[in-house]
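For reference, the structure discussed in these notes is given below.
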Amino acid sequence: MDDYTLPFWIYLGVLTVFVGGAMKKILASHLSTAPTVVAWLGATVLVERLWAFCLPAVLLLALLCLACCLYSTARTVPPPTTLPVHGKAVFITGCDSGFGKAAAKRLDALGLEVFATVLDLSGDGAKELQRTCSPRLTLLQVDITQPQQVQQALLDTKAKLGLRGLWGLVNNAGVCVNFGDAELSLMSNFRGCMEVNFFGTLSVTKSFLPLLRQTRGRLVTISSPAGDQPFPCLAAYGASKAALNLFINTLRHELEPWGVGVSTILPSSYKTGQSSNHTYWEQQHKQLLQSLSPGLLEEYGEDYVNETKELFQSHAQHANPDLSPVIDAIEQALLSPRPRARYLAGPGVGLMYFIHSYCPFSLSNRFLQRLFVKKKLMPRALRKQSSFELSLGLHNNNNNNNNNDKEN
């Protein structure tokens, strides 16, 4: 050991920190069996380096024993018990369908007092909640883009809670009103996504925060990986979720002194809302074609726009109908003694974030293109350009061949 200089020990220290940090981050990625495999590969590399440095066998054995003890302790520690639900109230937005409706039913069944907002009190979703839930559940008609309705919901909630505060706010309401390239997307779609996904959620959060601070409760927000990663053809939706993610992450720091736990849930693809409604996609497609200028439609081509619509429909049809991973994450974020800052809910999300975090940008970009919208057609103008270049290349080759024949 005396033969090794300071740079060797610096290298060893840096390698140890890197492997330890990578193992911690990978294990937090929820990749089923993959984290254990990758983590042990990292540990193997570290041990190999230690062996290469000729550390005494006794010290190496001690390090291995310590690692095994720590791993065994981590595996045998029983999962933390959930917090008691008695006396706790939760406010959930967007309960007409999807995650909101399922979360309202789950939390009501657990014994929490649920305030569920819907756009239509006479709709099927509201009727189902009234029929299947306990009398503890309160339905409120709220459009979160209307400040007056948000304030009225706050007054109604406070009136029923009395002196009690609100334990949890679940920001679930959201929309995805666009599909297609950013250049083709309507400005109204960008504004519509921002109004609901960002400004509407912002309005609800600011209004109900005093009640959460009173109980040192929980703020849970359903966001999307599209807010962190550049999914093709989701520019309007992704931009609104990116703004939401940054807002929630900022709140996490600001609310820590108040004791309010802040969690973001990032689901994979699920069948919710209008995603499986064929009429909805046709209406969106028709509206898009009518709004495009003749020049822009000529450059992209109607067949290119049609392909995008069909790909979105196919993606929605194959989405996961089992919402339980997201509902489980909502329950954990509300009732775990130590809620996580982020919950990756659903198959494939952990792998996607792992590739996004650790792989080269080119690989991550290609993965997103292959994962989401597998475009086969190029815009019409590019196809014409490619055909022209191909024809020009063939023409030049023929000229060269003719010239060679004349010389011979």
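The values are calculated or read from the model by the stated rules, or taken from the named source; none is laboratory data. All of these numbers come straight from a predicted model, not from anything done at the bench. Neighbour counts run over all protein chains shown; Cβ positions are idealised from the backbone, glycine included. Areas reflect the complete protein model, heavy atoms only, side chains present, ligands, DNA and RNA absent. Shrake-Rupley method; radii C 1.70, N 1.55, O 1.52, S 1.80 Å.
Structure notes:
- Residues (open to solvent by 50 Å² or more (accessible area, probe 1.4 Å) and without any contact (Cβ under 8 Å) to a residue 40 or more places away in the chain) located in region 292-303: Ser293, Pro294, Glu302
- Being modelled with pLDDT under 75 and of a type in the set (D, E, K, R) holds for only one residue in Arg370, Arg383, Arg338, and it is Arg370.
- Qualifying residue in region 270-282 (condition: among the basic types (Lys, Arg), farther than 25 Å from Phe247 by Cβ and either part of a helix (DSSP H, G or I) or open to solvent by less than 40 Å² (accessible area, probe 1.4 Å) (or both)): no
- Count - residues of region 90-105 that are small (Gly, Ala, Ser) and surrounded by fewer than 24 Cβ atoms within 10 Å (Cβ to Cβ): 3
- Boolean, Gly200 is modelled with pLDDT of 95 or more and more than 30 Å from His356 (Cβ to Cβ): no
- Positions within region 138-170 being closer than 15 Å to Leu107 by Cβ, open to solvent by less than 20 Å² (accessible area, probe 1.4 Å) and assigned to a loop (DSSP other than H, G, I, E, B), in sequence order: Leu166
- Filtering Glu113, Glu128 for residues that are farther than 26 Å from Phe247 by Cα, open to solvent by less than 70 Å² (accessible area, probe 1.4 Å), in contact with a strand residue (DSSP E or B) (Cβ under 6 Å, 6 or more places away or on another chain) and in contact (Cβ under 8 Å) with a residue 12 or more places away in the chain leaves a single hit, Glu113.
- Scope region 179-202; condition among the polar types (S, T, N, Q), in a helix (DSSP H, G or I) and out of contact with any strand residue (DSSP E or B) (no Cβ under 6 Å at 6 or more places or on another chain); matching residues: Ser188, Asn189, Asn197
- When region 206-231 is filtered for residues that are under 15 Å from the mean Cα position of the chain (by Cα) and not charged (D, E, K, R), the ones remaining, listed by number, are Val220, Thr221, Ile222, Ser223, Ser224, Pro225, Ala226, Gly227, Gln229, Pro230, Phe231.
- Residue count, region 304-335 (criterion: buried (at least 19 other Cβ atoms within 10 Å of the Cβ) and part of a loop (DSSP other than H, G, I, E, B)): 1
- Cross-chain or 6+ apart pairs with Cβ under 6 Å, region 201-227 first and on the phi > 0 side of the Ramachandran plot, then of a type in the set (Gly, Ala, Ser) and surrounded by fewer than 22 Cβ atoms within 10 Å (Cβ to Cβ): Arg216/Gly259
- Those residues of region 203-225 which are more than 17 Å from Ile144 (Cβ to Cβ) and either in contact with a Cys (Cβ under 8 Å, 6 or more places away or on another chain) or surrounded by fewer than 22 Cβ atoms within 10 Å (Cβ to Cβ) (or both), in sequence order: Pro210, Arg213, Gln214, Thr215, Arg216
- Close pairs from region 347-361: first within 19 Å of Ala319 (Cα to Cα), partner open to solvent by 60 Å² or more (accessible area, probe 1.4 Å), Cβ under 6 Å, at least 6 apart: Gly350/His30
- Pairing residues of region 143-154 that are closer than 17 Å to Cys95 by Cβ and in contact (Cβ under 8 Å) with a residue 24 or more places away in the chain with residues that are acidic (Asp, Glu) and surrounded by 14 or more Cβ atoms within 10 Å (Cβ to Cβ), at Cβ distances under 7 Å and at least 6 apart in sequence or on separate chains, gives Thr145/Glu195.
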